[in-house]
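Report on one structure; see the data block that follows.
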Amino acid sequence: MRAFAKDSKVIFDLGMHNGDDTAFYLSRGFNVVALEANPALCGMAQKRFSAFIDDRRLTVVNAAIWEKNGTASFFVNLDNDHWSSLDAGWASRDETRYQQVSVPCVTLSNLIDEFETPHYLKIDVEGVDQSVLEQLKDRDLLPLYVSVEDCRFGFQYMETLATCGYDSFKLLDQSTVSQLTDPKTGRSFSAGSSGPFGHEVPGEWSCYGDIMELYSKTVRSAEGKRLAPPAHWWDIHCTHSGHERQ
């Protein structure tokens, strides 16, 4: 039987990017494992968070998350580093420029075995999100909360999460995050950050069937037609019922 890591004091920030999410998680008192494949962004984080790194509250992992260990080509988008990816097509969308670099790869199991199962798992890894979700299937102890950027495959993501045992879901319109404030710290969220997590994500939790219906009417039809306005994009949040108030 699967259990959920409600007492963990660790958050995994998979896809650290500029570190704004990591800064928020640290402000909430969590220890953070922040993974980022872009070496330049990791260098910036080492300077920005040097005190937290020295205090061992933050570990910055310069690697790509993948389904196996080793090394891989990572494509750094030079025009919009949000789009950097292991997938060259993903990283070069809209005919933007990119640079190829070689990076180490780690699995989710590697990270959990080295650190621990996190309280919250944030996934924003541009094109390989499904690979991370698939790796949750093999774990007996799961994060209490998970979020994943929609990236056109929301039906598949939610199906995988439901298979893992998650049964309560929310959609967060990421274009509204800069309008939100963390009630515990008073922190305003920057545009482009992931924003709140867990029960502090606005709205009520929905069961799997209801969230699939909401998604099909709000974000994308079952046939794959986008319904949301171009300026809106979504994160899918989930937990296991019975823990959503913890």
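The value of relative contact order for the stretch 109-246, using C-alpha pairs under 8 Å at least six residues apart, is 31 percent.
The alpha carbon centroids of the stretch 75-124 and the stretch 194-246 are separated by 23 Å. Near the amide H of Y98, within less than 5 Å, lie the amide hydrogens of L78, all on another chain or at least 5 residues away, with H placed in the peptide plane. Remark: spin-label model distance R139-Q46 equals 2.7 nm, labels positioned 7 Å along the Cα→Cβ axis. Applying a DSSP loop filter and a limit of 12 other Cβ atoms within 10 Å to the GluC sites (Glu not before Pro) in the stretch 139-246 leaves E204, E223.
For the residue pairs K9/K217; K68/K184; K137/K217; K9/K137; K9/K170, the alpha carbons lie more than 26 Å apart in K9/K217; K68/K184; K137/K217.
Take every pair of alpha-carbon atoms less than 8 Å apart whose residues are at least six positions apart; their mean separation over the length of the chain yields a relative contact order of 19 percent.
Any read-out appearing in this document is the output of simple, stated calculations on the displayed coordinates, not a laboratory observation. Just so you know, these numbers come straight off a predicted model, no measurement behind them. Using ideal geometry, Cβ is built from the backbone for each residue, glycine included, and neighbour counts are taken over all protein chains shown.
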